[in-house]
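The values are calculated or read from the model by the stated rules, or taken from the named source; none is laboratory data. Because the structure is predicted, anything quoted here is derived from the model rather than measured. Heads up, the Cβs are rebuilt from the backbone with ideal geometry, glycines too, and the neighbour counts pull from every protein chain shown. These accessible areas exclude ligands, DNA and RNA; they are computed on the full protein's heavy atoms, side chains included. Shrake-Rupley method; radii C 1.70, N 1.55, O 1.52, S 1.80 Å.
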Amino acid sequence: MSTAVRQRVAAPVWQVTRPARPGRVPGVVLAGLRDRGPAPVDHRLDPHPVLTLALACGEAALGIDESTGRQHRGSLVTGLGFGVGGAARVRAANVEWVQVRLSPAIARAVLGVGPAELESSVVALDDLWGERRAARLRERLAQAASWEERFALVEAFLARLTAAGPAIEPELAWAWDRIVAEHGQVRVEELADELGWSRKRLWSRFHAQLGLPPKRAVKLVRFDWAATRLAGGQEAARVAADCGYADQSHLHRDVVAFTGVTPAILAGQSLVTTADMAWVDHVPRLFTGTDDRKILVTGSIAQKRRPPPSW
């Protein structure tokens, strides 16, 4: 093993299952999680550059506790950047749930509200989808015989919503994907220049439709990539250099601001092992390869959207 990679010693909190085939819904990454027990799960919730849906698969409910004392149980969604400062906690016991990492570019279509309305917050899916729809999905997930069946159910459900829901401006979908593809190592001025927009126009439309200002998005994506590398065992100095930080102190300040702990503590409290692929390429994009340039030139993402499923 390289000297730049430390041996992990902490046992993973979750057993993670990924779909056997590539996802069919652009902008979505799925994983199945089951707590390993026997002790209840209680860990810090760190921010991510996605909206995260926690879809319960049985009677036991995932819980999220905020620093204000508010408690949330059941099927939930957390907004972009929820958990900044490390004050939120995840609590669970004997829980199975499907984790949906959702690009903010399709959040309005899936959830019925824009990501700006959910920034740094957690909301019950019953409140967004209605109790009947949320309960029906929960029942079908509980009855499913395997994780693959659960993934198929969730994908079909999300495909129906994205096909029928509103789309954001294609230029903004391209800008978000560019930030994610570059792991946050892109300048906002460059994005505006490539779009032919002013910085003010990019800021206002990006913030309104994607939920946070572009500079904040760049910082959040870069932090997330650095945190993933730290959790994988890489030394902080190498992570700082590879992830575009000015120096190791810059990385340290960023990690503390986002999580409330130092890079060393963040790395030592990794929730999954490096072999669990749920943390690799876990920030979804709408388009890949030459698609992003095609979308930017044509100015339309409608041609990329799939028809709704039959159920």
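Couple of notes before you dig in:
- Percent accessible area from carbon and sulfur atoms, the range 107-262, protein chains only, probe 1.4 Å: 47
- The range 146-231 - percent relative contact order, Cα under 8 Å, separation 6 or more: 29
- Accessible area per residue, Å², the range 45-131 with all protein chains present, probe 1.4 Å: 34
- Local charge for residue 98 was computed over the other residues whose Cβ lies under 13 Å away, with Lys and Arg +1 and Asp and Glu -1, and equals +2.
- Accessible area (Å², per residue) of the range 151-288, counting only protein heavy atoms and a probe of 1.4 Å: 41
- Extension gain from residue 164 to residue 264, taking 0.36 nm per residue of separation minus the Cα-Cα distance: 31.5 nm
- Inter-label distance, residue 117 to residue 156: 2.8 nm, where each label sits 7 Å from its Cα along the C-beta direction.
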